[in-house]
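J.: So that we are looking at the same thing, I have put the structure below in C-alpha cells.
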Ligand SMILES: C[S@@+](CC[C@H](N)C(=O)[O-])C[C@H]1O[C@@H](n2cnc3c(N)ncnc32)[C@H](O)[C@@H]1O
C-alpha cells in the first residue's frame, strides 16, 4: 500500500513531466505488460473479497493515516467549515470549489424530497454522505469529527466484512450519526442501505481502482442513482504512470494498466479521460478533473518517487433530463 510511507517528504507539488520521463514510463509499463492467463485473472476477481479480508486481518487499522488533504481538496465533506483555502490554487477550475460547496448547500434547499419507502438509517438527516470502499474509516472518522452540521449523517460501506467490523468497533463510531454496512460496489443488483436519490455526496478514495475495469462503468451508473439532484461524486485514485505502476514487475499484470499485488489485491491506473468518460456516461457533469503529480523523497531509503493521483468531482444535474423510451 503506497500511502503508508509516512517518512516520505513532498519535495514539489504539481510537477511537470518531461517528454523523456513520460517515454521512459511508457516503456517500463510495456516491458511488464504481459497479462496473466485468464484462469488466474478469474481467480483474482472471484476471490477479491477474500484478499481484502486477509489484508485487514493482517494490517487491521495500521495504515492510510494522515488525510490532511481531505477537507482542503473536498470541502463538500464539511461545507460549512470553509476549509478549502489550500486547495490546488494553481489548477484551473479549483477556484470554483467554494462556489460548488455553496451550490451544494443550495441544492439541499431546492431539491425535491426523495421518494423513499419509509425509514432507513439517517432518514431524518438533511446532509448525507456515503463513502464506498471505506476500509477502516480513515475518511469517515475525520468527517464525523470535522463536520458539525446537526443534519449530517454518514454512511460507509466496504465489501470486506473485516474492514466494516473494524469501523463499527472503533470507539469513534457513533450509530446516531453513522451507519457502516457490507456492500460490494461491483454487485449492481444489490440494494444499498440508503434509497436512490437521497445522497448529497458519494466519496470514492482509492477504491474504483480495485475493481475489474469492465465492472467500473456499471458500478458508477448504479452509484449515481443514489445521488440527489445536485449531489456530487468525489474521487481520488491512482493515475497513469504513478510510481506504484512503474514498480510492478513481470507476472503482475492482469490487463492493460491493471495489476495484482503480492497479497492478491488489485489496482488500476487511470487517465483523466477514462474517468471523465466513466462519470459522464453515468449522467454526471464535470466540476473538476485534475491530475496531481508530486515528487516525493524518502530520505531514509534514498528514494525519489513520482506520484500521480487523479482527483475528480462530478455532479448530478439539478434538473434531470426526461427519460427516453426505447
Ligand atoms: C486501497 S483501499 C482504500 C480504503 C479507503 N478508501 C481508504 O482510503 O483508506 C481499497 C478499499 O476498497 C475496498 N474494495 C475493493 N473492492 C471493493 C468492492 N468491489 N466493493 C466494495 N469495496 C471494495 C477494499 O476492501 C478496501 O477497503
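What follows is calculated from the coordinates using simple rules that are stated; it is not laboratory data. Because the structure is a prediction, the values reported are computed rather than measured. Counting neighbours? That spans all protein chains shown, and the Cβs are built from the backbone with ideal geometry, glycine included.
J.: Could you please rank 323, 43, placing first whichever residue has the fewest other Cβ atoms within 10 Å of its Cβ?
T.: Going from least to most buried by this count: 323, 43.
J.: Also, I was wondering about something else. What ranking do 29-38, 130-139 get when scored by the average of other Cβ atoms within 10 Å per residue, highest first?
T.: 130-139, 29-38
J.: Between residue 273 and residue 215, how high is the FRET efficiency from 1/(1 + (r/R0)^6) when r is the Cβ-Cβ distance and R₀ = 25 Å? Nearest 0.05.
T.: According to the calculation, E is roughly 0.85.
J.: Go through 13-21, 290-298 and give me the packing order, highest mean Cβ count within 10 Å leading.
T.: On the way: 13-21: 11.2, 290-298: 16.9.
Highest mean packing first, the order is 290-298, 13-21.
J.: By per-residue mean of other Cβ atoms within 10 Å, what is the highest-first order of 152-160, 273-281, 229-237?
T.: Listed from highest to lowest mean packing, they are 152-160, 229-237, 273-281.
J.: Something else: Figure the gain on full extension for residue 196 and residue 295 (residue separation times 0.36 nm, minus the Cα-Cα span) and round it to one decimal in nm. Walk me through the numbers before you get to the answer.
T.: Working: separation 99, 0.36 × 99 = 35.64 nm, distance 4.07 nm.
Extending this stretch completely gives an extra 31.6 nm.
J.: Further question on the same structure: Separation of segment 220-248 and segment 278-313 by C-alpha centroid, Å?
T.: After rounding, the separation between the Cα centres reads 10 Å.
J.: If each of residue 9 and residue 26 carries a label point 7 Å out from its Cα toward its Cβ, how far apart are those two points in nm?
T.: Result: 3.5 nm between the two label points.
J.: Rounded to whole Å, give me the distance from the Cα center of segment 189-203 to that of segment 18-42.
T.: Answer, in whole Å: 36.
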